Amino acid sequence: MDDSSIPSLLSSDVQGNSNLDLEDELSSFRSQWQQEIKSRSPRGQPGATDSQNDYVLEQAKVLFLKGSQLEQSGRLYEAVEFYKRATQLVPDIEFQVDFTSLHGPRERQESESSIGSVDNEELEDKLMEHLQSLQLSEDVNSRKSCHPEYDQRTTHISVLPVELLNYILRWVVSVDLDMKSLENFSEVCRGFYLAARDEGIWRSACQKVWGSNTGKCKKFGGWRNMYIQRPHLLYNGCYISKLSYVRPGEKSLDNFYRPFHVVEYYRYVRFFPDGAVTIMTSPEDPPSVLPKLKHKYTKDTGMLTGVFKQIGDRVTAVLKRVKTKDQTIPYYKKHQRQRNNNDMEMTYYVELELSNVGKKSFAKLQWIDYSVTTKYIEDLWQNLRIYLSIVCVIY
C-alpha cells in the first residue's frame, strides 16, 4: 500500500462516523418528538374528549333506564338510587333518554341465560292457544295422557287409556258435579289439561244442572263457557250465613243496670246435584256442623230436608223438618193431652236468589221469600175418617 492512499482512507472513515452521528441524533429527536406528541394527545385532540363524553352519556342512560324499569315494577327505593347515579354523571339525562328503548330487549344479568327468556306476558297470551292446539302423543300400541316423573313399582295412571280416563272424569262429574276438582285436575300436566277440557264432560254437567232448559252453547262459544257464565248453584261446598240479634237480659232491682245479650247463630244451606237440599240453623261453629251436612239423609234435630228447583237466577225450595222419636212422658192437663211436636207437620217454602261476591261467581244466596205451613196430623186423621165414612154410606 502506498503512503498516498492513507489520507483517503482516513477521510472516508471520518465521513462515515459523521453520518452515523447524524442518524443517531435524528432517531433520538424523532423518539422524543413522538413521546411528546403522545403525552399531549389526550388534551390536544378533540376526538378523545368526544369519545369520553359519549361513554359517560351511555352509562348515564343505562342507569336511568334501569331506574325507570324498577319504578314501573314498584321498587321505588332502588329506582331512586339509579336515578341519583345517572344525574351525577349527566345532570340533564332525563331529556336525553329515548324511552322507546324500555320496550326493547333488557340487559342480561350474569346469572341469566338466553334459554327461556321469553316475555311473561307473551307467554301467558300464547299458553292457552298452544295447549289447545296440542294433541296427545300417540305411540305405536297405546296413547298416554302423561308420563311418570320417577320410576315406581306400582301401576301409574299413565297406563290407563285416554278413553278410560275420560270415562272416569264423566262419572265423577255426573255424580257430584265437583267442577272445582276437575279444574285442579287440569293443572297437573298437559295431558290432564286436554282431558279436562273435553266438551263432552262439560256438556253432561250443563245437562245435569239445567236439564231440559239447557239450550244450545253457540251463544257462549262452548259448553265450558256456558257452565261458567250462566247462573248455577255450587255443589262442592255449603252456603253459610252468620246472623246476630240483641235481646234484653234479666231484670234487676237496679234501674241503672240493664243487661243485653248478643245472640249469634249460623244458617247452613247445602245443595245436592240430584235436586235435594238441606238447611240447618245452629249456634255451633262450621267445623262441628259441616260433617253433618255431608250426606242428605240425616236424623239430626233441627235439620230441614227437601227438594229445590232453579229457574234462571232464582232457586225455590220446599222443605220439611226431620222427625225424631220423642222419649218424654206425655203430659196431661185437665184430662187432655197437649199436642206434641211430632203430631204436627210443618212445610217450609223458601225462595233464594244467586249473586256474585267479588271475583267468585254465584257464591252468594240472597233470602227473597220465606213462608211456613203447619198441619196437625190429628186433624188430618179426623178428616180422613169422615171422608171414609161418607164413602161407605154412599156405597
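Throughout, read-outs are computed from the coordinates displayed, never taken from laboratory work. Quick caveat, the model's predicted, so the values are computed rather than measured.
Please compare each pair in Lys180/Lys359; Lys292/Lys364; Lys309/Lys364; Lys180/Lys208; Lys216/Lys294; Lys299/Lys364 to a cut-off of 24 Å on the Cα-Cα distance and tell me which ones are over it.
In this structure, Lys216/Lys294; Lys299/Lys364 exceed 24 Å between Cα atoms.
With a ≥ b ≥ c the root eigenvalues of the C-alpha gyration tensor of the stretch 155-230, is it rounded (a/c under 1.5), prolate (a/b larger than b/c) or oblate?
In terms of gyration-tensor shape, prolate.
Would the stretch 54-102 count as rounded, prolate or oblate if I go by the C-alpha gyration tensor, calling it rounded below 1.5 in a/c and otherwise prolate when a/b exceeds b/c, oblate otherwise?
Taking the square roots of the gyration eigenvalues as a ≥ b ≥ c, the stretch 54-102 is oblate.
Can you run phi through the Karplus equation (6.51, -1.76, 1.60; θ = phi - 60°) for the stretch 264-274 and list ³J(HN,Hα) in whole Hz, with x for Gly and Pro?
My calculation for the stretch 264-274 gives 10, 8, 10, 10, 10, 10, 10, 10, 10, x, 7 Hz in order.
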